[in-house]
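Heads up, the thing below is written out as structure tokens.
The values are calculated or read from the model by the stated rules, or taken from the named source; none is laboratory data. Owing to the predicted nature of the structure, the values given are computational and were not obtained by experimental measurement. When we count neighbours, we look across all protein chains shown, and the Cβ atoms used for this are built from the backbone with ideal geometry, even at glycine. Only protein heavy atoms, including side chains, enter the accessible area calculation; ligands, DNA and RNA are left aside. Shrake-Rupley method; radii C 1.70, N 1.55, O 1.52, S 1.80 Å.
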Amino acid sequence: MQSLNETLSRRGIDGDLHALIQTLAQCAGEISTLVRGGALSGVLGATESENVQGETQKKLDVIANDLIKNALAAQPLVKGLASEEEDDVVPANAEGRFLVSFDPLDGSSNIDINSLVGTIFSVLPAPTGAVDESAFLQPGANQVAACYMLYGPATVMALTTGDGTLMFTLDPNSGEFLLVEERVRIPEDTAEFAINMSNQRFWQPAMQSYIADCLKGKEGQRGKNFNMRWIAAMVGDVHRVLSRGGLFTYPQDTKNPAKPFKLRLMYEANPMSFLVEQAGGVASTGYERIMAIQPDGIHQRVAVILGSKNEVNTCLGYHG
Ligand code: F6P
Ligand code: MN
């Protein structure tokens, strides 16, 4: 089996980007070790602080954020970084070619119940000039790489540099990520959806109708029975979609009128959309391609509907 390093070399990935991806993989290896130690690593439980989104930070949110921040700041090719757990953009090395946005610990409410968590990265080209928030405000279509690492029974990494989506598994013996799938393909059809059903009464009419028709099953207009899954960690749900197809959505809702959307564009929706599109899937807000959105802030949130091409398109049909 080829290592990540060998795979990137064989594919002729730009040397700087290659080095950066190796750094991201190394961070994930270290976080994976902490996650595996659970209570023994002292990583469970919450801190007393909140992030910019007003969410209580878990201990591991902070540990993973600091670990990645330090590793990236030490990389001469990183010009700046933006994290879910940092209020503002963090400038790194003036000569750097890349900007990195990341969610250090996605699904962090799962950490205390020994369930799936992961890390998500998005890499953008760095414009010339100073690194401030405006440097990051590029559409997802500009991404040069995106990946997530899922800390599950196995630690896996899904990676794209714009030429398909690759899947790696962390070899616990060597500590290296080994290539297990060169071109992931998401099945175009599915009978599985993922949505937080407890928000049903707060959704917009389009999503209400789409899910209602799925729930009618064989007897309804869809003419087939659907299954539902919800991991409460986007990494886990997107990994299932990449593995066997499905539709994943966190739609707009009116539960908290000040926050109509849940998922973050820069470090959740964009990198996941890149991975899904490169595997033949579709990623939309319901009304536009996620990767075409011109961001207006690093912590901006969006509605997300992604996964199997035909099923997502069916759902988009309800949105008019
Ligand atoms: O990062 C936000 C997130 O944790 C996602 O990973 C996940 O899909 C979603 O929120 C879970 O939301 P809820 O708490 O509504 O189940
Ligand atoms: Mn997250």
Residue farthest toward the positive end of the dipole of the chain, with Cβ of Lys/Arg at +1 and Asp/Glu at -1: which of Val276, Leu81, Met1? Val276
Using θ = phi - 60° and the Karplus form 6.51 cos²θ - 1.76 cosθ + 1.60, what ³J(HN,Hα) does each residue of the stretch 283-300 get, whole Hz, x for Gly and Pro? 9, 9, 8, x, 10, 8, 5, 4, 6, 9, 5, 8, x, 10, x, 5, 9, 3
Among Gln300, Gln252, Gln221, which one shows the highest mean-square fluctuation when the chain is modelled as a Gaussian network with alpha-carbon springs under 10 Å? Gln221
Taking all pairs of distinct Cα atoms, average 1/r, flip it, and tell me the Kirkwood hydrodynamic radius of the stretch 4-181 in Å to one decimal place. 16.6 Å
Could you size up the charge dipole of the chain around its Cα centre, putting +1 on the beta carbon of Lys and Arg and -1 on that of Asp and Glu, and report it in debye to the nearest 20? 1040 debye
How large are Rg and Dmax for the stretch 78-127 when calculated on the C-alpha trace, in angstrom? 13.3, 42
Peptides ranked, highest mean first, by Cβ atoms within 10 Å: ranges 111-124, 178-191: 111-124, 178-191
Size-normalised alpha-carbon gyration radius of the stretch 192-318, reference 2.2 N^0.38 Å: 1.00
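Taking only C-alpha pairs under 8 Å that are 6+ residues apart, what is the relative contact order of the stretch 4-181 in percent?
15 percent
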Find the relative contact order for the chain and round it to a whole percent, using C-alpha pairs within less than 8 Å whose residues are 6+ positions apart. 16 percent
For the chain, with a Gaussian network of springs between Cα atoms less than 10 Å apart, report the residue from Ser49, Ser174, Ser83 with the top mean-square fluctuation. Ser174
P(r) over all Cα-Cα pairs of the chain, 10 Å bins from 0 to the longest distance, whole percent per bin, short to long, reads 6, 28, 36, 23, 7, 1, 0
Neighbourhood net charge (14 Å Cβ-Cβ; Lys/Arg +1, Asp/Glu -1) for Val43: -1
The chain: calculated mean residue ellipticity at 222 nm from DSSP helix runs of at least 4, using -39500 (n - 2.57): -8500 deg cm²/dmol
How large is the direction-averaged shadow of the alpha-carbon convex hull of the stretch 21-99, in nm²? 5.3 nm²
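Which order do Tyr267, Tyr250 take when ranked by solvent-accessible area (1.4 Å probe, heavy atoms of all protein chains), largest first? List each step's numbers first, then the result.
Working: Tyr267 0, Tyr250 25 Å².
These residues rank, largest area first, as Tyr250, Tyr267.
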Sparse-neighbourhood loop sites, GluC sites (Glu not before Pro) in the stretch 27-124 - DSSP loop, at most 15 other Cβ within 10 angstrom: Glu55, Glu95
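Considering only protein heavy atoms and a probe of 1.4 Å, how much of the accessible area of the stretch 103-230 is carbon and sulfur, as a whole percent?
Carbon with sulfur: 48 percent of the solvent-accessible area.
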